[in-house]
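Okay, so here's the structure we're looking at.
The values are calculated or read from the model by the stated rules, or taken from the named source; none is laboratory data. Being a predicted model, the structure only gives us computed values, none of them experimental. Quick reminder, even Gly has a Cβ in these numbers, built from the backbone with ideal geometry, and neighbours come from all protein chains shown. Surface accessibility is based on the protein's heavy atoms, side chains included, excluding ligands, DNA and RNA. Shrake-Rupley method; radii C 1.70, N 1.55, O 1.52, S 1.80 Å.
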2 protein chains.
Amino acid sequence: MIRVLLADDEQLIRQAIATLLGLEADIAVVAQVGRGDQVAAAVAEHRPDVVVLDVEMPGMDGLTVAESLPGQAMLILTSFGRPGYLRRALAAGVRGFIPKDASADELAGAIRKVHAGGRYLDPEMAASAMMAGESPLTDRERDALALAARGASVTEIAGALHLSEGTVRNYLSSAITKLGAGNRIAAIRTAQDMGWI
Amino acid sequence: MIRVLLADDEQLIRQAIATLLGLEADIAVVAQVGRGDQVAAAVAEHRPDVVVLDVEMPGMDGLTVAESLPGQAMLILTSFGRPGYLRRALAAGVRGFIPKDASADELAGAIRKVHAGGRYLDPEMAASAMMAGESPLTDRERDALALAARGASVTEIAGALHLSEGTVRNYLSSAITKLGAGNRIAAIRTAQDMGWI
DNA sequence: CGTAGGAGATGACGAATGTCATCTCGGTGG
DNA sequence: CCACCGAGATGACATTCGTCATCTCCTACG
C-alpha cells in the first residue's frame, strides 16, 4: 500500500483527488494539508511514502517545500506548466511532475513510478521546458523584476535591494533585453509565464 | 435526479469532482467539457438542470459563457475570489458562486439550491465583493489598462483602441489615480486582483 | 603578484510615462 | 434654442524609464 500525503490549498480539489486515489487498490491517502508551511509537520507525523504537492499554496509554495524535504519521494501537481517550475522541482530532487489536466490514471501511475524510485515527467511539460531552456536572468535581475512585478517603483526596489537606483534601472534594462520584451510590463509577463519569477 | 454539466479545463479536477458528485444520491453528472466554447453545444445536447462553470478556461471564460446562456441554472466554481467575478456572474443571471476551496458538501448543497431556484453565494466572497464595491473604471479606462497589462505600449494601445496617444495616457493616468496606485504596473495588479480587467 | 571578471555605481540622454489645464464636438435635457 | 455634460484630443511639463559607456571595488585564479 502506497501511503500518500496530499498538499493543495483548495479543499474541494484535495478532497476530490483523495477520493479518486482512494479508488485505487494500492494507494491510500493518509493525510491532507492545505498550506505549504504545514507539509513538513505532516510529513514528520505521518511518514508518507509519496508527497503530492501543489505549487500554488499559501504559507509556502510547493517548490520551496520540496527544497526543504530532501530525500522524500515527491510529486508536483500544478495548474501551470511553467518551464521554470519543472527545473526548480528537478533541482529539488522531485521525481514526478504532472499537470492538473492529466487523468486520474496518469496521476496514479505517476505516484507508483515515483514510489518505485522512478521518474514521471509529463511529456508535454518536459518538452516545453527543454524548448524554453533555463532562465537567462541573474539573481539580481530576477529580484528586481519580481519586485517590479508587484508594482514597486525603481526607488522602492533600490531600497529593498540595497542598491542604487541607477543599478536597479540597469538590471531591469538588461532583464528586458534578455527576455526580448519591449518594456518592463512585457518582461514581467514573460518571466511569470516561464516561471522565472 | 439533478442532471449536472461540468465545465472545467483541468481534467483531473473535472474527473475528481464528477466522482465526488456521483456519490450524492440525487446528483448525476451527465456531461463534462474542458473548454468554454464547448459548453453551449453540450448544453443543447444534454439539457442539464444545472451547469457548473469554472471561470478560467480556454476558448471562452466561464463568465462570458454564463452571459451567453440566459435562463440556464448555473453555478460558478472558481479558484480566485475576485470581487468583479461575482458581480459579472450575478449580472449574467448566475445564482451560485462558490470557491474551489469549499467542501464537497457545500458544492452539492449549492447545486441543490440553484436547482431549486434559490441562490448560493459563498459568504466570504459575497462579503469581499461588498467591501470592494464595483469597478471605478470606465469602459475605456478598463480597455486601455487591459491592453497595458499585456505589455502593450501607449502607441500600441492607441492603435488598438483607435484613440490618440494623449487620450490613452489620460485614461491610464485616471485609472492609476482611481485605483490608488503609484504607477501603471501597480494599477494593473490591483485591477486584476479585483477581477476588474 | 598580476589580472580578468563580476557586482555595483555613476552620469548622461532620449524616449516613454504621468499629470493638468484646456479645447472641440455630439448628444441630451430643459 | 441653448446650456450642459461626457468622450476624446491637444499641448505642455515634470518625472520616470530604458540604454550606454565608463569607473570602482572585490574576488577568484593562474
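Overview of results
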read-out: Filter result (open to solvent by less than 40 Å² (accessible area, probe 1.4 Å), touching a Gly at 6+ places or on another chain (Cβ under 6 Å) and more than 8 Å from DNA strand D (Cβ to nearest atom)) within segment A:185-196; value: A:Ala186, A:Gly195, A:Trp196
read-out: Unmet criterion (only one of (1) within 13 Å of DNA strand D (Cβ to nearest atom); (2) farther than 26 Å from B:Leu179 by Cα; (3) touching a helix residue (DSSP H, G or I) at 6+ places or on another chain (Cβ under 7 Å); (4) among the polar types (S, T, N, Q)) for A:Ser128; value: (1)
read-out: Extreme residue, surrounded by the fewest Cβ atoms within 10 Å (Cβ to Cβ), among residues of segment B:26-54 that are within 13 Å of chain A (Cβ to nearest Cβ) and not acidic (Asp, Glu); value: B:Arg35
read-out: Cross-chain or 6+ apart pairs with Cβ under 8 Å, segment A:24-43 first and within 8 Å of A:Ala7 (Cβ to Cβ), then buried (at least 19 other Cβ atoms within 10 Å of the Cβ) and polar (S, T, N, Q); value: A:Gln32/A:Gln15
read-out: The lone exception for A:Ala104 - which of (1) more than 16 Å from DNA strand D (Cβ to nearest atom); (2) within 30 Å of B:Ile157 (Cβ to Cβ) it fails; value: (2)
read-out: Condition broken by A:Pro99, with the remaining ones in (1) buried (at least 23 other Cβ atoms within 10 Å of the Cβ); (2) in contact with a strand residue (DSSP E or B) (Cβ under 7 Å, 6 or more places away or on another chain); (3) within 12 Å of chain B (Cβ to nearest Cβ) satisfied; value: (1)
read-out: Residues located in segment B:55-80, provided they are open to solvent by 60 Å² or more (accessible area, probe 1.4 Å) and of a type in the set (D, E, K, R); value: B:Glu67
read-out: Residue match in segment B:107-117 (condition: more than 12 Å from DNA strand D (Cβ to nearest atom) and facing chain A (nearest Cβ under 10 Å)); value: yes
read-out: Leading residue by the ranking (farthest from the other protein chains (Cβ to nearest Cβ)) among those in segment A:168-184 that are more than 9 Å from DNA strand D (Cβ to nearest atom) and open to solvent by 30 Å² or more (accessible area, probe 1.4 Å); value: A:Lys178
read-out: Residue that is least open to solvent (accessible area, probe 1.4 Å) [pool: residues in segment A:153-167 that are within 14 Å of another protein chain (Cβ to nearest Cβ) and near DNA strand D (Cβ under 10 Å from one of its atoms)]; value: A:Ile157
read-out: Scope segment B:97-149; condition among the hydroxyl-bearing types (Ser, Thr, Tyr) and under 30 Å from A:Ala186 (Cβ atoms); matching residues; value: B:Ser135, B:Thr138
read-out: Total residues in segment B:1-25, condition open to solvent by 40 Å² or more (accessible area, probe 1.4 Å) and either at pLDDT 95 or above or of a type in the set (A, V, I, L, M) (or both); value: 4
read-out: Scan of segment A:81-91 for residues that are out of contact with any strand residue (DSSP E or B) (no Cβ under 6 Å at 6 or more places or on another chain) and either open to solvent by less than 20 Å² (accessible area, probe 1.4 Å) or within 8 Å of another protein chain (Cβ to nearest Cβ) (or both), ordered by number; value: A:Pro83, A:Gly84
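A quick yes/no check of all residues on (1) farther than 30 Å from A:Met57 by Cβ; (2) within 16 Å of DNA strand C (Cβ to nearest atom); (3) in contact (Cβ under 8 Å) with a residue 60 or more places away in the chain:
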residue: B:Pro83; (1), (2), (3): no, no, yes
residue: B:Arg95; (1), (2), (3): yes, no, no
residue: B:Leu121; (1), (2), (3): no, no, no
residue: B:Ala146; (1), (2), (3): no, yes, no
residue: B:Ala149; (1), (2), (3): no, yes, no
residue: B:Gly159; (1), (2), (3): yes, yes, no
residue: B:Glu165; (1), (2), (3): yes, yes, no
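For (1) hydroxyl-bearing (Ser, Thr, Tyr); (2) closer than 17 Å to B:Asp8 by Cβ; (3) within 12 Å of chain A (Cβ to nearest Cβ), each residue gets a yes or a no:
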{"residue": "B:Ala73", "(1), (2), (3)": "no, no, no"}
{"residue": "B:Ile76", "(1), (2), (3)": "no, yes, no"}
{"residue": "B:Ser79", "(1), (2), (3)": "yes, yes, yes"}
{"residue": "B:Arg119", "(1), (2), (3)": "no, no, no"}
{"residue": "B:Leu137", "(1), (2), (3)": "no, no, no"}
{"residue": "B:Leu147", "(1), (2), (3)": "no, no, yes"}
{"residue": "B:Gly151", "(1), (2), (3)": "no, no, yes"}
